[in-house]
Each structure stands twice: as C-alpha cells, then as structure tokens.
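The values are calculated or read from the model by the stated rules, or taken from the named source; none is laboratory data. None of these values were measured; they are calculated from a predicted model. FYI the Cβ positions are ideal-geometry reconstructions off the backbone, even for glycines, and counts take in every protein chain you see.
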C-alpha cells in the first residue's frame, strides 16, 4: 500500500514512465485531511487502531517470535500462522505513515522499539523469518506454496519504503536492504527458479528499488513476475490459478484465483511495467482490470466471491449472501487502481478507489477502530452474533466485527491504508493538479511554474457541494482537474460566478488563478436506484439504493419487530428519498410464510402490508447490533 | 445405507416400533428391478463400478494400508486420508448387497479376499484402523475431531450387516463384532465420554444391534447421540455446528453444518428412536427434516450449499452456481428419508427419495460407471474441463465427471446405493403392500394372510403408465398402496376397468385380488414449469423445467455455437413440450454484451433473437462433453 509515496521525490530513483508523463502523487506531508468522514477515521486509526494492533500482536505472541529466534528457542514456541511476521511489518508501515503524516516522537519511539525487536532475528546472511530455518524448524524455502517467507519480506520492504519516504534511512531500512539482497542472491537469475505462493515480494521489491534507486530490486521483481504462470508451484485442489501460477501474467484476460494474491501481483506488475517502460504489459493489465470490474466486482467494489479459496468466481458469479469480499482485497484493489491511475491518468481508476474505500475499506473497522470485518457480505440472512471483545474470531463466520483473527491480515491493512490516505487525494502533472477524492483538506503541490496550495471544504459524502479555494498559485495558467464520479449525472462546476455542466469523467478548469479564487463543484448526491445486470443471477429482480459514493443497506432493526429483511419488497417505481434522519424508502412487508417445499407450479402470493424503511450507509451496518441485512432489495417488476 | 435390510427378518432382533406398526421393508432378494432406468444403472454398477472402485483402491494404496499394519510398517507408508479405510468397507458393503441381490461365487470370493486383508490389521483387543495406534503413528483416539476412527468402524459395521442380512455369519461379521465390542468397551458409560467428529458409528451400531440382536450396540449408539451437542469436540473455525456438536439433537430445529455428517447422524437417530420406542425424538426428527426440505434443499433434492465446509447454508441460501450438493449427501438424504418412511408410513419421504435418486444420485456416475461427480452444481458458468481418465481429481473444481478423488467417498456410496436399490421399491404392513418407487420389477412380500407377488411394467420415468399385475395373492382382502408423487396432479388409477382420479399422496386399492388382476397407474409426466420461492435469492426471476420426477437442464451444446446458457431467456408464458427427441422450449437468445460496470440506473436492454432449445434430464448433463449448463432458466415476468 505504500504507493502513495511512489515517485515522492525525496530519494526517488530514476523513474521511466511508459507514456508521456502521467500523474505524480502529492507527498504525504503535503496533503492533510482536516475534518469529515475520513479525518474521523484517520484520528481513530492513529489513536486507537495502531495501539490495538500492537496490543494483540503482543498478546498472541507474534512479536515474541522474533525474540525467540534470537534466543534459539523458536522451534518450540512459535506462535501464529506462516505469515504472522507480516503483521508486524504492516503495523510498522502503518506507524511509519502515521509518523510521516504528522511527526510524533511517541510514534517514532514505537517504530524504533519494534525495529530493534525484529533486528535481532535477522541472520548474518540477511535472511529474516520466524517460521523456517531455525533449529527445530523446516529448512528455509522448503514450502514455496504455503510458507509465505517471501510474502513476509515483501511487507518488510514496504514498511522500509514508508521510512525511506519520511525519515530517510534508519535501522529498518538497513534490515530491509539486507533482506532484499538475500532475496536477490537466493532467487536471482542464477538462483532458485521459483516464486512465492503469495505474491507481495514483487510489490516490495519494485517500491524498494524506486525508493533506494537500486535497480537490482526492480529486476528481481521482474524475474519473479516473468517466472510465474508456468506451473512453478505444485498443483493444489483449487488449481494453480489460486496463486496465479496457471498462465503467464501477459496471457491472462482477467483476475482469477485468490483475490488478494491476484491484486497484489497485478499491482506489482503495473509498477514493473511503468519502471521498465513496458507499455504492452501496462495495456494488458488495464484490460485485466476492466474485465474484472465489468464481470467480477460487487456493487460495493468488493472482490472475491468464494469463501472456500477466498477467490474470484466466474464472470457474474457474485452471490450477495456468500460474498467474501475480503477487506484486504479491498485494500489491494485500491492499491492496484491507484497505480493504474498514476500510470494512465484515467479517472475511472479513481472512481473505483472511491467506491472501494467507502464501501469496503471503511466498512471493516468499528467506529472505535478496535473491531473489524474480515469479510464483507452484501446480505446477512441469519441474525449476526456478537463476538466476545476479548476473543480472536474465525474469519467470516460472524456478522459482527471482531477484535482480532487467527488470520489477522485485515486490521493492519486497514491501518496502513488510513495512515496514508491523504496521499490519495490529488496528483500533479506537467499541466497542473488533479483532485481525485473529496474531503475537507489542504493540498500542496509543486508545479514547474511554482507552488500551488488548495483548501477544500466539503461535507461530502453527506452533501454534494465541494468548495476549492486557491490559497497559493503560480502566476502562469495551469489546469485544475476535478473528477466527476461516474454516477454524478448533472454535476456542475462554478468558477468565478460562471456555472458549467460537468459530465462524468475528468473536468478541467484551465486559467490563470489568483489566490482567493474559488472553484465550486456541485455533485448530485440524491438517493438513486441501481439495477444489476441480468447476468448476475444472485441479485436478479432486486435493486440497490446508492447515494453519492455510498451504497446503502436495509437492516432488520429498521423493520417492525421480528421482521426479516427478506420480507421487504419494493413496488415498481419505488423512490428513495432524503428525510431528516437519512434515506427512506416505501415498500411492502410480506407475511412470513411456511411452505413445505420452496418450488411450485405457480409463483407464490403472500399477504403484504405497506411499510417504510430507513436505510443506512453500508459502512455503518451492524453498528446498531445484531440483525439481518441486505443491500439488494427485492423488487417487483 | 444398509437400511433396506432393516427389519429384514432373517436374523432380526426384537424391534419395538414407536407407532402402531408402520412399514417393513421387502427383503433384498424378494424385489428385482428387471429393466429400464434403474436396471441399467444396477447392471453398470455390478459389472463396472464395483471393479473400478477396487482397482482404484489398490492403485492409490488404501488396500495396502491393511497389509502394512500387519507388517508393522504402516507408520512409514500409509496412504490416503484419515477415512481411507471406510472406502474399503463401503466397497465391501456394495459387494455384499450385490451378492445378496443375485448370488455370484466371484463376488463372494472377492468379498472374502478383501475380508482376509482387513482381518490381519485387527489387533487382539478388537481395534481396527490404519491411521492411528501403530508404531510411528499418533495414539488411538488422539484426534476425535478429525481422526475418523469411529466413522471408519461405523462403515465396517454396515458392511457386516449386509453380510448378516444375506449369508448370515462370516469372517467379516466376526471382525465387526470384535470392533464393535472394542468401541463399547472404550466409549461406554464408564469409558471415554466423547464422540467422533464424523457421525457414522451411530448408524453402524444401531443396525448391527438389529442384525445381531445384541442390545449393547443400540445402547452405545444412544450414548453417542445423547453425548453430542454439548461442545464435546473442540471449537473450529466454522463452529461446532460443523459436526453437529453445537446443540443436543433434541433441541435442534433444522439440519445444519456439514451435510453428510448431519444426515448420517439424523438417520441414526431415527433408528434409535424407533428401537427405543422414543416417539418424542421421532417427532423432533420429522420436524428437522421438514424444515430442512422447506428451506435448505435444492430442486434436485441436493443438500449443502457451501463448498468451504460442505455445509448447509442458512434458510433459502441456495445458490445454483455454487451449489455443493455432494453426491454423498444425496445418498445420506435417501437413507434418512427411507428410515422416516418406514417409521411413519408418510409417502412424502418416498417423494424426496425419488427426487434425490433421479436428480442427485443418478447424476453422479457416468453412463459407463467409471467416472463420478462429487459435487452437483445446478449452474455451470465456465465451460467445464475434462478430467484425465487416469488421474484422481480435486473434489469439485471440474465440471466433468472424474474417475477418482483424493477424498473418494462418493463412488462407493453410489455403488452401495445402486447395489441395494431394489429394496427401496416397496414395503409391507399389516394391511398390505405399499409400492413407493416405480420400475419394471418383480416384488414379493409375505403378508400374514399369505404370499403376494407383483409384476410391475413401466417405461417410467420416460412414460407415465405403470402397470402392476398381481401374480400371486392371498384369498383375503388386502391393500395395495400406490404413491402418487406430489407433482402428479391429474393422476388416475384403473382397477378392473374402473378409472379413479388419484391425488398426490397415498392411493389405496383395497379388495380381494385374484392372480392376473391388473392395476394401472397413469401419472401425468408432461413437461412443466416450476417457480422458486421469492426468498431463494439466487434463482429469483427464473423457472425450471421438470418432467415427471426428472429435473431438466439447458446445456450450451443445445444453443447456437458460441452462445452461453446465461444468454437464454424464457418469455412470459413459455411452455415446454415433448418433441420427438425430448423436451423443447422456445426462448430468446440475448446478444452477448460487454459493459464496463454491471450495475446501472436502468435495467439493461439487449438485442435478442428467437430460438428454441432442447433440454436434457439433469442426470445426463455433461455427457455430451464440456460446456455451460443451467437448470434455472432466466424468465421474463
């Protein structure tokens, strides 16, 4: 997820973009979200989630694993799954971005303390890992399919990049450099010709190459990418597509297999394509993204239909009730779209990022930031049950957020995303500044002609007005580009008293700005009905309600006592509306029925009563306690 | 599956039925299916499948495991999963039923050879198992959750019951008796207070009690049943409902968790309820069955929606494309319904048996009987891929039948079901004979007043006429009961030239029969449209076509080249019809579309062309080669 800092500039390696320079990110210290929806989540993340994650990692023994390697006792005492190390690294990355966004000696001290703890586990040859290679353990790299050794190192490298982009060199960067060198020595052109079952090392290496300027890491990432897809890994029950080892990346048409694996790998491939000037690869990856979004993505932006293998399903296999939509796949999707946005400048990538941030990533944490959804179903049929606050939870069996998981990848993934979120707001290019995500914020950007500073004021996504004040500007003409979301038909932009209609896509204001100029974007955020494609079987005959970038849902707490959300049916022409407390819609409540066999010679008719229901943003579901829930509401045609 | 012989009579233990005597089975040697749909499958089973299973068990080393236990080398060489032993026992059961139905010295020799091979692995105290307790292995009963030790013994007991019901005592029965005694000694009232993670020992014990007359085995089965549901087994990711250890069986409202586990357990509970005279338990089990059929069963009779944990989903969670519907769950469902039919006389149980036999059990094997479906999806979105003939296959990843599986429970389960199928045709009671399943066959039954012999002639399920000739009859009046399937509205029964309308349910002809009398049943088997309940989200806006007891499906091979079954839409009023070669239906073929996002502000409209499609019985799907398939056809309303 370190992509916000890609090309940041302080220690940037030579960057060779494929196309006439696309977009460059704004440095993390130059953009600040100051209030509103995301500011609140960033605050909670900084003051609760980071500490929560560190507490749990101590509690379940994942931190102690590093101590035990140093003490030589790890063979007897190791705790957690193969990838437990990566959680410590993702926490370090999150802490580093938080410190980069707003330096704090306490954060820095925690980073350094964790770094010392890790350092002692690194061997003289640079290898670092708590699961293999120590006395009483299997040998290093003896299980490439499931061992996650390189996956863990990839996250270590991403954490180090976050340090490189902020405090420059420190001990964590040294550890990472030695680990990366060990990987290159072991898996280089003349080394072991294999890949890791879980892509991630590729991402870490390509970012580390950029941040350090050392091209060896880029070439190693490229090697791993090119090696994949030839049946390098063993066959498994779900097929080699599970770890994208079924076909070479250049031959694939769509993302498939384990969703997080597929998305991390594709994100890394975009970076490699950009840094090696491989335009053909980039176009292939754009097509894979487009096919995946067109046929294998939920309304929420969620990806991955299967619980069993946490995998993408076939085209249009998007069951609402068995949606897996892992939070980490949402984070990974944001990472991929961000890289494609930077590489191409196409704002449809920013559209999907917004959808996924609001309707997957923001769904996961509780308002307190100390409990999380691992999977994000679109339909909860059985009343959810609360998790005990002090118990690690199975991944996806509960309909309530849980404080921790045996496989606890999601909390730290949310933490590192929120810690670096301000970097996603805007980019710069040769021609000006592009604002992609709307939040009350300040954005600074260095154009060739001089410094730009913007102040954004908005109640988005509750309200559709976004007011951008130019606080500082070069004298020369430049372009301010605004993203008009794909759903925002009827948007307008007001510049210096003149109002212009703005169609979905990129809207550009080109002019000589003066300090104090105001650009006002008005997005139509009234509630709207959305229909699914007829090929998505699971939600045929239903509609969803969206409002601005938010997907809404119906919870049983909004219905008469005892009613199930599945009894609620919308009549033809149902029209959701804003009311004082939120979105309301009129529907019909079917009587509960008790038939002996759910299939019959005639459509079943049932007694009905008129009712109105109050819908809530999906990201807030289950906050009111256990119940049933659905996004796609039954609809009479 | 040995239930066909329950109460058979040769060596029957005292039976204490709960209700005024319900139904008694016909002995397996007294009923013979002589031609038609099931006769063909029985022939293939006898002449191909039994040998195929024995070949594969030798090939993958599951037979050799028994030799290795005797040789003391098993710790180093054991092959297969924890439950590999059970496959050998299920094969023995299938061979035994085949031999019982039509004695054959070759079959008997194979049974005895396999028995000798097993015998050498039994220890002096009666324990038998190849996975635990030998040098180099974990101790016996050290993994009650996943070890399957008692599960294996349960299948051994069922195999022995098949011998007891046919050749009476032999070596296999001795082995089983010693194994059962060991189980009673180890897990009895003063023994280890636990249960096996996979129910099956309960079924084996209760049947073995009946067949031997030894009530200790019944009481041990009862102990296992009563012990379950108190969190005896460890918590697992999917919850203790996975192995029905979440709530006591008397408190459960519906089947849940792993489908095969739930169905085996419930079948055993019916037997225990009958043999202990526990009418309250029987009524609870009837309610569980009814709730499961009303809310958790596919149109095909298939049970189990989840791939991940092979489990029942929530009520109405019945996705067609991710239907698991394990073949073994179909077999187990037939076992459960059969026991409830015997215990209550209610023919709705025979209805579900018919549905499940035709649309799950018969779907699994290829026409040659040497390849099998493990899972039985109702919708195949991606063209299926063929399995190599000489390779064991993953369970459910292919859309084609495979010769063998790493977890290969289904082939032997199909084999033992087909070998004993004729026992399901009819039952007797104090008042007469009940015919439940229709096939060209001869059925003999001993009534108190004398011998009955029936000859059944039919082309069912292709044709709806069933002609029953009374070949032998007592002089006294008796009742011939015919099952009118629930779908058969408009059936008629013709007795001695007089035609009477017969409603779905039990139709009884009570009279003094004379040899040569003919009763003619006419079932309306014209193709019909079936609608799903509005709460089954996954198939809303679709209909299925059924014809008689058969569910039909559309395969892409029936459409213009390149078309996907998902493009086929039925107009309002679509009417399937019998044509010369089968069932034809007129529909509309939508043009393939390529949208960027499958959700929109208006329902999508697409170009369409009229087309007719030929539907095939679901049991024959994939016989024409790889393609896409669906049972539930999109339907305009």
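Brief remarks follow.
- Only one of the numbered conditions (1) more than 26 Å from the chain's Cα centre (by Cα); (2) part of a strand (DSSP E or B); (3) away from chain B (no Cβ under 12 Å) is not met by residue A:569, and that is (3).
- Test: residue in the stretch A:552-560 that is free of Cβ contacts under 8 Å to residues at least 24 places away in the same chain and touching a strand residue (DSSP E or B) at 6+ places or on another chain (Cβ under 9 Å): no
- When residue B:103 is tested against (1) part of a helix (DSSP H, G or I); (2) farther than 26 Å from residue B:404 by Cα, just one condition goes unmet, and that condition is (1).
- Filtered residues of the stretch A:475-491 (kept if more than 14 Å from chain B (Cβ to nearest Cβ) and crowded, with 16+ Cβ neighbours inside 10 Å): A:478, A:479, A:480, A:481, A:482, A:483, A:484, A:491
- Selection of the stretch B:60-78 for residues being assigned to a helix (DSSP H, G or I) and free of Cβ contacts under 8 Å to residues at least 24 places away in the same chain yields B:64, B:71, B:77.
- So residue B:122, is it in contact (Cβ under 8 Å) with a residue 12 or more places away in the chain, under 30 Å from residue B:232 (Cβ atoms) and assigned to a loop (DSSP other than H, G, I, E, B): yes
- On inspection, residue A:543 passes the criterion of being at negative phi and modelled with pLDDT of 95 or more.
- Pick from the stretch B:318-340, criterion farther than 29 Å from residue B:24 by Cα and free of Cβ contacts under 8 Å to residues at least 60 places away in the same chain, ranking: farthest from the chain's Cα centre (by Cα): B:322
- Residues in the stretch A:599-621 that are within 11 Å of chain B (Cβ to nearest Cβ) and within 41 Å of the chain's Cα centre (by Cα): 1 in all.
- Hits in the stretch A:547-566 (condition: assigned to a strand (DSSP E or B) and touching a helix residue (DSSP H, G or I) at 6+ places or on another chain (Cβ under 9 Å)): A:550, A:551, A:552, A:553, A:554, A:555
- Looking at A:530, A:492, just one residue is more than 27 Å from the chain's Cα centre (by Cα) and not in a loop (DSSP other than H, G, I, E, B), and that residue is A:492.
- Among the candidates A:516, A:497, residue that is more than 14 Å from every other protein chain (Cβ to nearest Cβ), more than 23 Å from residue A:431 (Cβ to Cβ) and surrounded by fewer than 16 Cβ atoms within 10 Å (Cβ to Cβ): A:497
- Filtering B:172, B:114 for residues that are in a helix (DSSP H, G or I) and closer than 22 Å to residue B:81 by Cβ leaves a single hit, B:114.
- Verdict on residue B:586 being away from every other protein chain (no Cβ under 11 Å), touching a strand residue (DSSP E or B) at 6+ places or on another chain (Cβ under 9 Å), more than 26 Å from residue A:487 (Cβ to Cβ) and not in a strand (DSSP E or B): no
- Some residue of the stretch A:502-511 being at pLDDT 95 or above, within 14 Å of another protein chain (Cβ to nearest Cβ), under 28 Å from residue A:445 (Cα atoms) and in a loop (DSSP other than H, G, I, E, B): yes
- Residue among A:544, A:596, A:574, A:538 that alone is more than 8 Å from chain B (Cβ to nearest Cβ) and either in a loop (DSSP other than H, G, I, E, B) or touching a residue at least 12 places away in the same chain (Cβ under 8 Å) (or both): A:574
- Which listed residue is assigned to a helix (DSSP H, G or I) and in contact with a helix residue (DSSP H, G or I) (Cβ under 8 Å, 6 or more places away or on another chain), from B:160, B:185: B:160
- Checking each residue in the stretch A:194-251 for being part of a helix (DSSP H, G or I), within 26 Å of the chain's Cα centre (by Cα), more than 14 Å from chain B (Cβ to nearest Cβ) and farther than 13 Å from residue A:269 by Cα picks out A:208, A:209, A:210, A:211, A:212, A:217, A:243.
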